[in-house]
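Here is the structure we will look at, set down as structure tokens.
Taken together, the values in this text are just the output of simple stated rules run on the coordinates, not laboratory data. Everything numeric in this text was worked out from a predicted model, so none of it was measured. We place every Cβ from the backbone using ideal geometry, glycine too, and count neighbours over all the protein chains shown.
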Amino acid sequence: MTQTILRKHLMGRISADIVSVMVSVAVDKPYSYRVPDGMDVCRGSVVQVPLGPRKVMGVVWGEPKDQVAHNRLKDIDLAFDTPPLTDELMALVDWIAKYTLAQPGMVLRGVLRSPEAFGEDKPIAVFRFTGELPDRMTSARQRVIDVMQDGFAWQKRALVGETGVSPSVIEGMVKLGVLEQSFVPPPPIVQPPNPDHAPLQLNDEQKAALELLREHKPDEFGVSLLDGVTGSGKTEVFFEAVADCLRAGRQAVILLPEIALTHTFLKRFEDRFGARPGEWHSDMTPVQRARMWRSVARGKVQAVVGARSALFLPYPDLGLIVIDEEHDTAFKQADRVNYHARDMAVVRAHLAKARVILSSATPSVESRNNADQGRYAHVKMLGRFADAKMPDITAIDMKEDGPEKGEWIAPKLAREIFSALDKKEQVLLFLNRRGYAPLTLCRDCGYQYQCPDCSAWLVDHRFRGVLQCHHCGHEVQKPKTCKECGAEDSLIPIGPGIERIAEEAARRFPEARRVILSSDMGGIVAARERFEEIARGDYDLIIGTQLVAKGHHFPKLNLVGVLDADLGLAHGDPRAAEKTFQILTQVTGRAGRTGKAGRAFLQTYVPEHAVMQAMVCGDREAFYTHELRAREAAGLPPFGRLAALIISATEHDVAFGHARGLAVMAPKAPDEAKLKLFGPADAPVAMVRGRHRVRLLVQADKQFDLSGYVRYWLNEGPKVTGNLRVQVDIDPMSFY
Ligand code: ADP
Ligand code: ZN
């Protein structure tokens, strides 16, 4: 990390005290500012600068690019006392902006925090007993003195908690000279992890995997795909790679897809390394985040576990990035800056000369292809740890053996549930759809309840008595009479959501202790408590959405019923088969994690589909072979590139007209680019939050610079005016 001092570097140029600053707002390039006398900045310095009437955060990006007269420039307001951003992190910002077509200022905004993050930790006030006694002793004062006899320094809040006196008693004792207030640095945000604290004895397969991972040296770039079935012990293996990284004196970050998984994960980390890692996720307060940011920047945090945005923390010397459940679409951010954290992790590691471990039981087709091609090391773990076995999977053909009218659980699955419950085994019923029913209509007039602002049905959430739009969150109380024809009690639910399955389960298995888990019910803390209760065996029947599908270890669970295995297949999404394969593997993988072989049943209308066949035969290779071949034939990722453009406006004609204008202006590309343009067409969800959405999709050869092409196209194309908006999504993951 060379931080060139610009003042020296720039001697003899336009002027020694002008620098370019990237501000963290929606701008395309850095602006020039004067460095006032007495201020020392270098490339990477975090500063505050005036921008129009505002003060904004920014980073000194380098030498000035434009030749603006010295006297027309503004001064940098202040330079924060935080270590400069590393070249590597700044290069990452530039790279992401270029690739995703986001404005670099907006990418930088995801790296910086509020100004509180850039200072020192605030000292904390503590109190000590001076030995002086008050003239008048009260029982409250006596209690404080008793507690403080130990000679330690106490924080006010702790003292109040311990003695039960009011804060004013303590303040009074300070005035009397009985207590003395002083300031001390706060304790470190985390203790350093110890790579040798409690390593597990690895089994042979794990040892072999670790050896392969170690073929990449700790100070070299390299990517490994840790491809192992659920329960094969991948976590323990990548923990050893984390330990190697810590021993080499570099930082490690582990990205998780789901905040609900963080808690157990932190615990496992602590067991292994004797200290908690730094945490980074949406459940933290801004103050906690600011403190974590500056602790990382100052090299006080060696390991971080967090959500995708933890990738952008200012590690001084990042050595390892682990992406757990790398196939998970939660790593793709889809607002403001459209980036995929997995892909950006590879970019950052390349810039930082660091290693990447992509861990998954169901690798993305992209990563799997990179491994097949030898770009990534392919580390396979195909046995389950200890005596746990892979589940036995059966498809239930809903055309032949479907449930009775008004029920959703097929007779065959119901029989299995009865027999599992008899044997005191846990059962999971899985349906990836929140609410009671996806559609409500009036029996009398046929009116279908729709969101006023989106082209989406309102989902019946019966437990809460509301109809809700899953696109914009719009909610209405469920009406007693049809709002169209006024008929009374005429609304009927169509199709099942998880709440409806719970209702059926209550009716058919009244004896079973049941729990329902869905992301809209109760928040993180409640979910965490439920997970612990399930693991303890407090429930017989678990009814859940994808919240339960991921990562949890439920030792007593032995039977999984997937109520609608086809749910992911219906859309015009080129990754539909892959996503379905992944979720089905994850959820069926919950069964039989210790000892007995678990069983899983898939209710499907297409048992002959390649995904269902691969599931039933337990043949993941067959799935990847089939899927890779299909993608190659269609020129889809990873064999080709996609870019999606969503053009939206409050008027349909405006959006469509602009999209058509763009399509007409699409620049010609050379033949070898294999460029294809689809659309414009109304998006599958044609309206969201009152905005009409029109899509264009561009497909190109893998070698073609599609980002550069789209940038050129948009620059040359019709101007974006009024409330029009053009959103670009390179490598789109969703197609709604
Ligand atoms: P995966 O991440 O591949 O799904 P885990 O790493 O969660 O698998 O391991 C599955 C279970 O096996 C966990 O409960 C874990 O603690 C246990 N386990 C894995 N490896 C070992 C080991 N070497 N020694 C003891 N327990 C292990
Ligand atoms: Zn809506």
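Stretching the chain fully between Asp538 and Ala158 yields a gain of 133.2 nm (0.36 nm per residue, less the alpha carbon separation).
The simple spin-label model puts a point 7 Å past each Cα toward its Cβ; for Met39 and His263 those points are separated by 4.6 nm. Among the chymotrypsin sites (Phe, Trp or Tyr not before Pro) in the stretch 41-107, none is located in a DSSP loop while being surrounded by at most 13 other Cβ atoms within 10 Å of its own Cβ.
Loop-located GluC sites (Glu not before Pro) in the stretch 308-406 (DSSP state other than H, G, I, E, B) with a sparse environment of at most 15 neighbouring Cβ atoms within 10 Å: Glu404. Of all the C-alpha pairs in the stretch 610-736, what % are more than 18 Å from each other? Value for the stretch 610-736: 58 percent of Cα pairs lie more than 18 Å apart.
The radius of gyration of the Cα set in the stretch 143-269, together with its Dmax, comes out at 23.9, 68 angstrom. The Ala26 and Asn715 beta-carbon pair, evaluated with R₀ = 22 Å, returns a calculated FRET efficiency of approximately 0.85.
Relative to a virtual label point 7 Å from the Cα of Thr130 in the Cα→beta-carbon direction, which members of the stretch 163-196 show backbone nitrogen distances below 11 Å? Taking a point 7 Å out along Cα→Cβ of Thr130, the residues of the stretch 163-196 whose backbone N falls under 11 Å are 173-181. Ranked by the mean number of other Cβ atoms within 10 Å of their residues, highest first, the peptides 621-629, 696-704 fall in the order 696-704, 621-629.
Taking the empirical scaling 2.2 N^0.38 Å for compact globular proteins as reference, the stretch 477-619 has a Cα radius of gyration ratio of 1.22. For a modelled paramagnetic label at Lys74, 7 Å from Cα along Cα-to-Cβ, the residues of the stretch 28-55 in reach, with backbone nitrogen under 13 Å, are 31-34, 48-55.
Each Lys and Arg contributes +1 and each Asp and Glu -1, all at the Cβ; summed about the Cα centre of the chain, the dipole is approximately 1100 debye.
Using the alpha-carbon positions of the chain, Rg (one decimal) and Dmax (whole number) come out as 29.3, 95 Å. In plain terms, the residue of Val515, Val685, Val111 with the fewest other Cβ atoms within 10 Å comes first and the most crowded comes last, giving Val685, Val515, Val111. Note on the stretch 661-731 and the stretch 191-219: Cα centroid distance 45 Å, given to the nearest whole angstrom.
With a simple spin-label model that places each label point 7 Å from the Cα along the Cα-to-Cβ direction, the separation between Leu439 and Ala275 comes to 5.7 nm.
Ranking Ala341, Ala502, Thr588 by Cα position along the charge dipole of the chain, where only Lys, Arg, Asp and Glu carry charges on their C-beta atoms, puts Ala341 farthest toward the positive end. Shown is the FRET efficiency for Ala681 and Val184, computed with R0 = 56 Å from the Cβ-Cβ distance and rounded to the nearest 0.05: 0.30. Residue pairs exceeding 24 angstrom between C-alpha atoms, taken from Lys353/Lys550; Lys98/Lys668; Lys412/Lys550; Lys412/Lys478; Lys98/Lys719: Lys353/Lys550; Lys412/Lys550; Lys412/Lys478.
Ordered by the number of other Cβ atoms lying within 10 Å of each residue's own Cβ, fewest first, Lys55, Lys332, Lys423 fall into the sequence Lys423, Lys55, Lys332.
Its alpha carbons give the stretch 22-75 an Rg and a Dmax of 10.7, 30 Å.
Isolated cysteines in the chain, defined as those with no second cysteine Cβ under 4.7 Å, comprise Cys42, Cys245, Cys472, Cys617.
Annotation for the stretch 440-519: GluC sites (Glu not before Pro) lying in DSSP loop with at most 13 further Cβ atoms inside 10 Å of their Cβ are Glu511.
One Cα centroid belongs to the stretch 268-284, the other to the stretch 573-620; the line between them spans 32 Å. Derived from the Cα gyration tensor, the three semi-axes of the equivalent ellipsoid of the stretch 202-321 are 24, 17, 12 Å, largest first.
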